[in-house]
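Here the structure is laid out as structure tokens; the discussion comes afterwards.
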Amino acid sequence: MKYGYFDDAAREYIIVRPDTPLPWINYLGCEEYFGLISNTAGGYSFYKDARLRRLTRYRYNNSPLDVGGRYLYLRDNKSGSYWSPSWMPTRTKLDEYECRHGQGYTIITSKFNGIKSSTRYFVPLGESLEIWQVTLTNESRAVSDLSLFSAIEFCLWDANDDSTNFQRNYSIGQVEIVDDVIYHKTEYRERRDHFAYFACSEKLAGFDTQREAFLGNYHGWNQPQVVETGASSNSEAHGWQPIGSHHVKVHLKAGEQKQIIFILGYHENPKDDKFDPPTSQIVNKKSVKPIIEKYLQPANADKAFNSLHDYWTTLLGKFQVTTPDTHTNRMVNIWNAYQCMVTFNMSRSASYFESGIGRGMGFRDSNQDLLGFVHMIPERARERILDLSATQLKNGGAFHQYQPLTKRGNNDVGSGFNDDPAWLVLGVAAYIKESGDWSILDVPVQYENEAGSEMPLYEHLQRSLQYTLDRLGPNRLPLIGRADWNDCLNLNCFSDTPGQSFQTTTNKDGKVAESIFIAGLFVLACQEMAGIAKYKNDKAEGNKVQKAAAEMEKTVWASGWDGDWFRRAYDNFGHVLGSKENTEGRIFIEPQGICIMAGLGVENGNAVKALDSVAEHLATPHGIILQQPAFSQYYLHLGEISSYPPGYKENAGIFCHTNPWIMIAESIVGRGDKAFDYYKRINPSAREEISELHKCEPYVYAQMIAGKDAPTHGEAKNSWLTGTAAWNYAAITQYILGIRPGFDGLEVKPVIPSGWSDFEVVRSYRGVRYEISVKRAGAGNAVSLEVDGKSISGTIISLPKKETSTVRVKAVIR
Ligand code: BGC
Ligand code: NOJ
């Protein structure tokens with residue numbers, strides 16, 4: 001069953017009923033100011049950091065689901081009846097409802113009692129504010145006398161404190177209401193130099209800034225007393241819960257239309273110019289006023305919206321494909337690329353599954369997120385790489401996370417995830433392959449954000465690889481540390497205390513447990529490093545990493561191969577995991593993917609063997625399961641992985657992030673049908689028809705789909721912020737379609753399904769437009785290329801001359 005449909009021409013998903021199985025959300029903002037918005041206008045906003053600069057409050061895990069948002073109430077002043085044009089929170093049965101999610105904007109349109117309302121929410125480029133553009137149309141035959149109320153609840157900035165420290169919070173809230181603009185200035189009197197504002201384009205009939213005055217004691221958001229009575233109370237918040245609500249009276253003749261604009265924004269003043277007059281406690285509004293005035297004008301709001309739309313047209317235009325498969329086209333051309341941008345911006349911090357107070361930017365996550373995003377805005381990937389590497393530890397290790405506001409490593413989580421540093425090498429390689437910007441290697445970057453510790457980024461990469469070599473275990477495989485990519489495989493944790501964090505508890509010295517996943521990742525990273533060293537003319541480094549990779553590969557064959565698949569790890573007792581010797585956890589997906597991506601077993605046939613084992617033991621119609629058989633109980637020596645009931649998350653869930661590794665591996669061994677089949681199984685658009693089972697949004701990937709051991713097999717969770725986005729984008733564009741950026745040029749080497757006769761791609765690469773058409777002339781994967789009318793040998797198109805603007809490529813597959 002579906003709850004909406006795709007409009008690919010408009011690049012929108014259109015939800016046609018408000019009661020989706022879960023809130024189906026979208027993101028506003030793509031630079032510094034961000035918002036989450038659901039299909040019923042739920043969600044919240046923040047500036048840069050969802051924890052430290054939260055503008056509006058949200059209550060997680062609520063019942064009903066999704067309370068708190070950008071709410072509007074319409075009231076018919078003759079009858080006294082009122083409704084929410086976004087359905088929530090009043091849940092009045094609307095005569096019409098539609099929510100359009102697009103790139104960086106959401107439009108919610110509905111009709112009730114002849115009044116049509118359409119609200120466009122978006123964040124203009126270059127600004128720290130969001131616009132709600134409301135258009136009301138009287139489609140009835142009578143004159144209507146309406147009241148429109150807006151409502152948001154301010155968060156007292158630090159979202160964690162805001163939801164815990166009430167003995168203080170209930171006394172610190174402060175607002176100002178000046179010229180009909182509501183200013184939220186809690187803590188501005190002391191160390192903050194920022195405030196929020198909420199403004200409206202119309203003359204107000206009233207306002208409210210104290211929550212209980214607006215709602216009425218013991219009322220919910222579904223029944224605000226002020227809306228019931230039709231009159232604001234003009235309340236001024238002193239402590240308790242500051243909110244922002246405007247009241248606008250609207251008279252509409254039959255057929256008449258009116259636009260009303262609200263803006264909610266964040267503003268900073270210079271530390272020494274916070275107050276006006278300077279000796280007062282009144283917010284200096286000089287620099288914010290022109291911004292407010294500007295965007296309350298419909299023409300300026302429209303212009304800002306059009307710029308945002310053009311911006312996305314340009315970004316998405318960097319890679320457009322036409323294949324025989326609609327799901328592929330719309331995911332690659334629109335939604336997957338868009339999700340990559342969102343995951344890049346948010347990392348794993350703020351979604352409807354991540355509270356925004358828990359996690360900052362992950363080291364391994366951000367390096368992987370780059371892969372799906374770097375072709376759209378390489379400059380921002382560059383900045384991210386430099387921020388990440390500045391948190392790197394001197395021993396080559398990494399802080400597992402950093403806070404986006406401070407850009408400093410997060411001490412609470414610390415380090416010791418032994419895969420982390422290797423991802424930096426992959427991230428940097430991807431950036432250089434895309435941009436050709438070799439200069440990044442020479443940028444002096446600090447270690448541990450310490451002034452004076454600067455070394456060229458190239459040196460950081462060397463230390464990253466050395467980190468693994470300095471930590472080899474009894475089998476000469478890499479020691480796993482706290483965990484590798486699988487955060488829940490905690491082989492040194494041994495936690496028997498309830499509530500202890502699996503991520504940070506370590507009870508063993510870590511000198512025994514080893515990871516075959518890191519071994520594969522290391523080989524892959526060494527190959528990238530060899531490419532980089534070659535360019536640097538650094539033969540010593542090139543030889544060193546090639547030798548190290550070859551040795552590691554030998555080690556994998558000696559201790560990491562199980563006969564039919566790659567093993568997963570050795571535990572603290574030196575016992576193997578991911579082997580026929582195990583009764584549970586006999587085969588894991590991660591080492592099959594990563595080892596084959598590093599080329600292991602491609603020559604000797606073991607890669608195909610391992611992939612056949614994946615198909616036999618792990619594949620389901622809903623995707624490939626992380627591991628089998630599921631752990632039936634908690635194992636002290638395995639940690640969090642066995643804490644999940646079978647079929648969920650890392651304990652045998654379909655952990656979607658890992659599926660594209662298998663798609664890539666299948667393409668590497670030349671099995672296009674298999675690769676594409678796996679691609680389709682988790683493609684959200686291809687799962688749209690089973691939305692009532694899948695539950696999450698059909699336009700973005702979710703982190704997990706319940707595995708076959710779970711009673712809810714096929715049900716997705718944790719949508720939006722997942723490495724699945726970047727890796728699926730890489731799998732389909734770089735391996736199945738085979739358009740792959742390299743150090744020396746763009747490679748075209750598709751491994752497509754046998755049923756495809758052709759496809760076309762337009763791709764920008766290093767400032768040049770590549771128009772690529774691919775035709776199948778035989779059943780194999782052999783590719784011959786014609787570039788601007790001339791055949792070339794091999795599959796890599798060398799970089800064109802400087803003045804070239806377009807390159808035309810014809811590929812024939814036989
Ligand atoms: C989850 C992992 C996640 C980790 C991060 C665990 O509970 O299962 O997927 O990476 O938390 O802290
Ligand atoms: C989610 C984390 O963000 C990611 O870093 C990790 O690799 C996966 N979970 C698997 O545990």
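Number of residues in segment 225-248 that are among the β-branched types (Val, Ile, Thr) and open to solvent by 50 Å² or more (accessible area, probe 1.4 Å) equals 1. For Gly126, the test of being open to solvent by 30 Å² or more (accessible area, probe 1.4 Å) and modelled with pLDDT of 95 or more is passed.
Here is the figure for segment 711-743: residues that are within 16 Å of ligand 2 (Cβ to nearest atom) and open to solvent by less than 10 Å² (accessible area, probe 1.4 Å) total 11. Any residue at all in segment 772-790 that is within 32 Å of the chain's Cα centre (by Cα), touching a residue at least 24 places away in the same chain (Cβ under 8 Å), over 19 Å from Glu666 (Cα atoms) and open to solvent by 40 Å² or more (accessible area, probe 1.4 Å)? No. Close Cβ contacts (under 7 Å, 6 or more residues apart or on different chains) running from residues in segment 77-90 that are assigned to a strand (DSSP E or B) to residues that are of a type in the set (Phe, Trp, Tyr) comprise Tyr82/Tyr73; Trp83/Phe112. Leu491 falls short on exactly one of the conditions (1) out of contact with any His (no Cβ under 8 Å at 6 or more places or on another chain); (2) under 14 Å from Asn418 (Cα atoms); (3) within 16 Å of ligand 2 (Cβ to nearest atom), and that condition is (1). Where in segment 244-356 are there helices (runs of 4 or more DSSP H), lying fully within it, with 2 or more residues that are among the acidic types (Asp, Glu) and modelled with pLDDT of 95 or more? Answer list for segment 244-356: 298-316.
Of the helices (runs of 4 or more DSSP H) lying entirely inside segment 601-706, those containing at least 2 residues that are out of contact with any helix residue (DSSP H, G or I) (no Cβ under 6 Å at 6 or more places or on another chain) and more than 16 Å from ligand 2 (Cβ to nearest atom) are 606-617, 672-682, 691-694.
Within segment 203-220, the set of residues being surrounded by fewer than 21 Cβ atoms within 10 Å (Cβ to Cβ) and not polar (S, T, N, Q) comprises Lys203, Leu204, Ala205, Gly206, Glu212, Gly216, Tyr218, His219, Gly220. All conditions but one from (1) in contact (Cβ under 8 Å) with a residue 60 or more places away in the chain; (2) of a type outside the set (D, E, K, R); (3) within 16 Å of ligand 1 (Cβ to nearest atom); (4) open to solvent by 40 Å² or more (accessible area, probe 1.4 Å) apply to Asn411; the one that does not is (1).
All told, Ala550 falls short of being away from ligand 1 (no atom under 16 Å from the Cβ), of a type outside the set (Val, Ile, Thr) and open to solvent by less than 20 Å² (accessible area, probe 1.4 Å).
Could you tell me whether Lys708 is in contact (Cβ under 8 Å) with a residue 12 or more places away in the chain, open to solvent by 20 Å² or more (accessible area, probe 1.4 Å) and over 15 Å from the mean Cα position of the chain (by Cα)? Show your work before the answer.
Values: in contact (Cβ under 8 Å) with a residue 12 or more places away in the chain: yes; open to solvent by 20 Å² or more (accessible area, probe 1.4 Å): yes; over 15 Å from the mean Cα position of the chain (by Cα): yes.
For Lys708, the condition - in contact (Cβ under 8 Å) with a residue 12 or more places away in the chain, open to solvent by 20 Å² or more (accessible area, probe 1.4 Å) and over 15 Å from the mean Cα position of the chain (by Cα) - is met.
For segment 455-491, name all the residues that are within 16 Å of ligand 1 (Cβ to nearest atom) and in contact with a Ser or Thr (Cβ under 7 Å, 6 or more places away or on another chain). Full working, then the answer.
Going through segment 455-491, the residues within 16 Å of ligand 1 (Cβ to nearest atom) turn out to be 480-491.
Within segment 455-491, Ile480, Arg482, Asp484 meet the criteria.
Residues in segment 273-292 that are surrounded by fewer than 12 Cβ atoms within 10 Å (Cβ to Cβ) and under 16 Å from Leu129 (Cβ atoms): Pro290 alone.
Each row is one residue, and each column tells you yes or no for (1) at pLDDT 95 or above; (2) touching an Asp or Glu at 6+ places or on another chain (Cβ under 8 Å); (3) of a type in the set (Phe, Trp, Tyr); (4) crowded, with 24+ Cβ neighbours inside 10 Å.
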| position | (1), (2), (3), (4) |
| --- | --- |
| Ser453 | yes, no, no, no |
| Glu459 | yes, no, no, no |
| Ser464 | yes, no, no, yes |
| Gly473 | yes, yes, no, no |
| Lys508 | yes, no, no, no |
| Val512 | yes, yes, no, no |
| Leu524 | yes, no, no, no |
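Residues in segment 387-396: is at least one among the polar types (S, T, N, Q) and within 16 Å of ligand 1 (Cβ to nearest atom)? No, segment 387-396 has no match at all. Among the residues of segment 367-396, those identified as within 16 Å of ligand 2 (Cβ to nearest atom), assigned to a helix (DSSP H, G or I) and farther than 19 Å from Leu315 by Cβ are Asn367, Gln368, Leu388.
Taking the condition within 16 Å of ligand 1 (Cβ to nearest atom), open to solvent by less than 10 Å² (accessible area, probe 1.4 Å) and either in contact (Cβ under 8 Å) with a residue 60 or more places away in the chain or under 22 Å from Arg53 (Cβ atoms) (or both), does Phe344 pass? Give the steps one after another, and end with the answer.
On the way: within 16 Å of ligand 1 (Cβ to nearest atom): no; open to solvent by less than 10 Å² (accessible area, probe 1.4 Å): yes; either in contact (Cβ under 8 Å) with a residue 60 or more places away in the chain or under 22 Å from Arg53 (Cβ atoms) (or both): yes.
The answer is no for Phe344.
Specify which of the listed residues (Tyr635, Tyr570) is in contact with a strand residue (DSSP E or B) (Cβ under 6 Å, 6 or more places away or on another chain) and not charged (D, E, K, R). Going through Tyr635, Tyr570 in turn, the sole match is Tyr570.
Residues that are away from ligand 1 (no atom under 16 Å from the Cβ) and either buried (at least 22 other Cβ atoms within 10 Å of the Cβ) or on the phi > 0 side of the Ramachandran plot (or both) do occur in segment 649-660. Of the strands (runs of 3 or more DSSP E) contained entirely in segment 1-67, those carrying at least 2 residues that are open to solvent by 10 Å² or more (accessible area, probe 1.4 Å) fall at 4-7.
The values are calculated or read from the model by the stated rules, or taken from the named source; none is laboratory data. The model shown is predicted, which means the values in this text are computed figures rather than measured ones. All Cβ positions, glycine included, derive from the backbone under ideal geometry; neighbour counts span all protein chains shown. In case anyone asks, the SASA skips ligands and DNA or RNA and just uses the protein heavy atoms, side chains included. Shrake-Rupley method; radii C 1.70, N 1.55, O 1.52, S 1.80 Å.
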